[in-house]
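Where a number appears in this text, it was derived from the coordinates with a stated rule and is not lab data. Keep in mind the model is a prediction, meaning the values are calculated, not measured. No Cβ is skipped: glycine too gets one built from the backbone with ideal geometry, and neighbour counts run over all protein chains shown.
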C-alpha cells in the first residue's frame, strides 16, 4: 500500500496571522470544518495567546459555544471565550478547594433544618389524619397478629371469630410446659398462681394480647388428635375458688365468657374448689346458655388446663390469676382506642352486659326467689301509693357493704362509709331525677350484709324501706344476711348455710341492679352504693350504659344531672369513675 502524501501546503504560524476557530475534532474537508467557516475571525495578540493554556485547555479556549453554534448568537463571544477557564495555578486550585469546602460546609449546616422541615411535614400529616381519619391511622399504627390486609379495617377491640381449628397447635412448634410435680388435677388455684408467677417473673410482655410468645407456643402435652375427637378443640374455663366474693367472681367470669365468644372457644365453669356448692346450685349450666363452636363436645381432662399463657389450647383462669390476664394488656386491647376516659370502657361494659344476659343466668330456683322478691316489692310500693293517692312510683336501691371490705377512699377514718353519706346521696339523687317531687320520699330497696346497718338506716330514712330482712314471705327472710360478711368466717359455716347465703346475694343483686329483668316488674330508678364492693360495679351493668351514666360527653365525663349510678366511696374523684372488675 503506498504511503500517504505529506502535507505540503500548510503555512507556518505567524503571531499576526488571523485564526479561524475550529472544533477540537475538525479536519480539512469535513462538514464541521465547512460549517465553522462562517464564524467571525478573531484578532488574538501574542500576549493573549500566551495566556491560554494550549497544553490542557486549547480546545476549550478556542471553542466556548456548543458544536455548530451560530456565530450570530450571543453565546459565542470574545469575552465568553476568554473567561471560560482560568489558568490552573496553585492559587486557583486553593481558591477552588476553599469554595468546595464552603459549599459542603453550608450544605451540612443546613441539613438539620431540612430534616426538621421534613419531620414537621410528616407530623402535620399525622395530626391531620388523627382528626380526619383516626381509624386509618390506628389501623397502620396498631396491628394485632390476626390483622391481615383483608381485615385491616377491623378495629382491635372488635371481636374476631376464630375457627376452632386455629387453636390446634402442632407439637413440633410447641414449647412444652410440665406439671409433673403435681399429682392432683385440676391444680389448686394457688398452684395455678405459682405457675403464672414463674412464667411472668423478671420481664413484662408488650406484644398484642393474643400474641404468641417469642419462644413459640407454650402448652402442656396433649394426646394425639384421633384420641380426643370428642373433646373440645379449644376452651376457656373460669375456676371458682371462693377466695373472692360471689360478685367479684361473676364480674371476672363475665369477661372470660366474652373472650370465649370472641375467640370461638368453648366456655366452661369449674367449681371443684368452690365454697358455695356447685355452680348449678345457683345458675344455669353455661354450656346450655353459651353453646360454643362445638356443641356437645366434652370438657378437656383437668391435667390439660393451663393458667399461663392464655394462648394455651385449654386456658383456665381464676380470681388469683386474673391479674396476669385482665390488667394493662387487656385494657389496651379491648378498650375503645378512640374514646376518652369512661368512653374507653364501653366495649368492656357491653361485654359484661352480654354475658349477664346470655351466659350467667340464675337457675330456676333462684329465678323463682327473684320473682317473689320483686312481686312483694311491687305490692309494697302499691300500698304506699294508695295511701298517698299516687301510682307507679319508682324505687331507689341502696347497697351498704360492711364486714371485711374497706373503702377505696382513705378519707374515712375507719375505711367505712357513714350512713349519713348514703342518706345524703339518696335525697340529692331523688331531687335531681324528680324535681317535681323533691318534697316526697322515695321507696328504698336496701341490701346489706349488716343487720345493724339495716336497723340504723331504716330508722334514719325518712321514706319507706324494703329489704329481705322485712319481707313477708319467710322464704325471702331466710335469705337475709345473718351477719357482716367476713371471708374467713364464711368458710366456717356449713355448706347448706353457705348455699342459702349465696342465694340471698343473687336475689339482692337482681333487685339492686335490675339484672335479669322480667316483664311488667319494677326496676330500680337509681342505685346508691360504694364501688369498693363489686356488687356496686355490677349494679351499673344492670342499669345499662345510658341510664347508669347519662349522656356522657366526648371527653368521657358522666352526666351529673342524668346519671343514675351514684358512688359514695370515691364520689367521682377518680377517672374513670367506673371499673368493670377488681383484681386481687
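Applying 1/(1 + (r/R0)^6) with R0 = 22 Å to the Cβ-Cβ distance of residue 570 and residue 420 gives a FRET efficiency near 0.80.
Taking only C-alpha pairs under 8 Å that are 6+ residues apart, what is the relative contact order of segment 269-375 in percent? Display every interim value, and only then the final one.
Details: 60 pairs, mean separation 34.4, N = 107.
Here the relative contact order equals 32 percent.
Each label was represented as a point 7 Å from its Cα along the Cα-to-Cβ direction; for residue 411 and residue 198 these points are 4.6 nm apart. Each peptide in 557-568, 354-365 was scored by the mean count of other Cβ atoms within 10 Å over its residues; highest first, the order is 557-568, 354-365.
The protection proxy used here, the mean number of other Cβ atoms lying within 10 Å of each residue, ranks peptides 235-242, 437-444, 192-199 as follows, highest first: 235-242, 192-199, 437-444. The packing ranking of peptides 530-543, 453-466, highest mean first, is 530-543, 453-466, where packing means the average number of other beta carbon atoms within 10 angstrom of each residue. All C-alpha to C-alpha distances of segment 364-567, sorted into 5 Å bins beginning at zero, yield P(r) values of 1, 7, 15, 20, 21, 17, 10, 5, 2, 1, 0 percent in whole numbers. The slack between residue 105 and residue 584, meaning 0.36 nm per residue of separation minus the straight C-alpha distance, is 166.2 nm.
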